[in-house]
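S.K.: My questions all concern the structure below.
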Amino acid sequence: MKCPHCLVEFHDSVRLYPLEKDTESEWGVLVRLCPHCNRNIIELAQGDILTTSVGPRFRNPYNHRMIRPRSVNRMPVPPQVHPDFVNDYKEACLVLSDSPKASAALSRRCLQHLLREKGSIKKSDLANEIQQILDAKTLPSYIAESLDAVRNTGNFASHPIKSTSTGEIVPVEPGEAEWNLDVLEMLFDFYFVQPDLVKKRRDALNKKLADVGKPPMK
């Protein structure tokens, strides 16, 4: 598995600590220790607990809930991303397992803010703002298609988000909240990371040109 703390892959070795059984099911705490960062990964789960020669084991555990860390397994926000966009994204990640609806509301608000500030679109509802950026054809096709899926998956026609300051809690489709975060990561890379890399490469080349007495790149 991939450690949600340090994002390094490691061989999964899990320990089960059974809890009291209630009227719903048996409960247990699953604990893994990442050998790379030496931090515990702790989950609460339901299921039938079996007693085996190597200790208690779940049979078909379900309803997993991450206890530590309180976040999803996603890459850290690149340092190039402006702080104005980081807080909503991080909160959307943090509440994803507890409330996909709340996570989607935060990620939609972050998306709307990002499109307005970096895409230079006119303020409207989120569906129209997505259409504006698609019509402008300023995004690579893979991002444009993914962004269009945000609108289609979100089913804004059935659950209109009318406010120009998006943040409403509305029903979400399965996987929608995760997809919103995926698209935000793509846009972070496009609007912040890649331009920064190009600038650094350009600056490095201009320094080399200056060292040999040649004019900089235009």
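Read the figures in this text as sums done on the coordinates, not as results from a lab. Note that this is a predicted model, so its numbers are computed, not measured. Reconstructed Cβ throughout: ideal geometry from the backbone, glycine too, with neighbour counts over all protein chains shown.
S.K.: Out of the stretch 1-96, which GluC sites (Glu not before Pro) are coil in DSSP terms and have no more than 14 other C-beta atoms within 10 Å?
M.R.: Counting only loop positions with at most 14 other Cβ atoms within 10 Å, the GluC sites (Glu not before Pro) in the stretch 1-96 are Glu20, Glu24.
S.K.: Let me ask something else about it. Sorting check: for 76-82, 44-50, 186-192, which peptide has the highest mean count of neighbouring beta carbons within 10 Å, and how do the rest follow?
M.R.: Peptide ranking by packing, descending: 186-192, 44-50, 76-82.
S.K.: Which whole-Hz ³J(HN,Hα) couplings does the stretch 10-15 yield from phi under the Karplus relation 6.51 cos²θ - 1.76 cosθ + 1.60, θ = phi - 60°, glycine and proline marked x?
M.R.: 8, 5, 6, 10, 10, 10
S.K.: Next up: Calculate the length of the line joining the C-alpha centroid of the stretch 88-135 to that of the stretch 1-62, in whole Å.
M.R.: 34 Å
S.K.: Taking only Cα atoms and a 10 Å spring cutoff, compute GNM fluctuations for the chain and point out the largest among Thr153, Thr51, Thr23.
M.R.: Looking only at Thr153, Thr51, Thr23, the biggest GNM fluctuation is shown by Thr23.
S.K.: With the cut-off at 1.5 for a/c, could you classify the stretch 14-68 from its C-alpha gyration tensor as rounded, prolate or oblate?
M.R.: It is oblate, given that a/c is not under 1.5 and a/b is not larger than b/c.
S.K.: If a/c stays under 1.5 just call it rounded; otherwise compare a/b with b/c (prolate if a/b is bigger, oblate if not). Do that for the stretch 1-103, with a ≥ b ≥ c from the square roots of the Cα gyration tensor eigenvalues.
M.R.: Oblate, since a/c reaches 1.5 and b/c is not below a/b.
S.K.: Kindly put Val54, Val150 in sequence by how many other C-beta atoms sit within 10 Å of each C-beta, fewest to most.
M.R.: Val54, Val150
S.K.: A follow-up question, please. What is the antiparallel percent of DSSP beta bridges lying wholly in the chain, to the nearest 5?
M.R.: Counting only bridges with both partners in the chain, antiparallel ones make up about 100 percent.
S.K.: Using Cβ-Cβ distances only, list the Cys residues of the chain with no partner cysteine under 4.7 Å, sorted by number.
M.R.: Isolated Cys, the chain: Cys93, Cys110.
S.K.: Fewest first, what order do Cys3, Cys37, Cys110 take by the number of other Cβ atoms within 10 Å?
M.R.: Going from least to most buried by this count: Cys37, Cys3, Cys110.
S.K.: Sticking with this one: Whole-Hz ³J(HN,Hα) for each residue in the stretch 28-39, computed from phi via Karplus 6.51 cos²θ - 1.76 cosθ + 1.60 with θ = phi - 60°, x for glycine and proline: what do you get?
M.R.: Using θ = phi - 60°, the values come out as x, 9, 9, 10, 10, 10, 6, x, 8, 9, 6, 10 Hz.
S.K.: Below 8 Å between Cα atoms, with a sequence gap of 6+, how large is the relative contact order for the chain in percent?
M.R.: 14 percent
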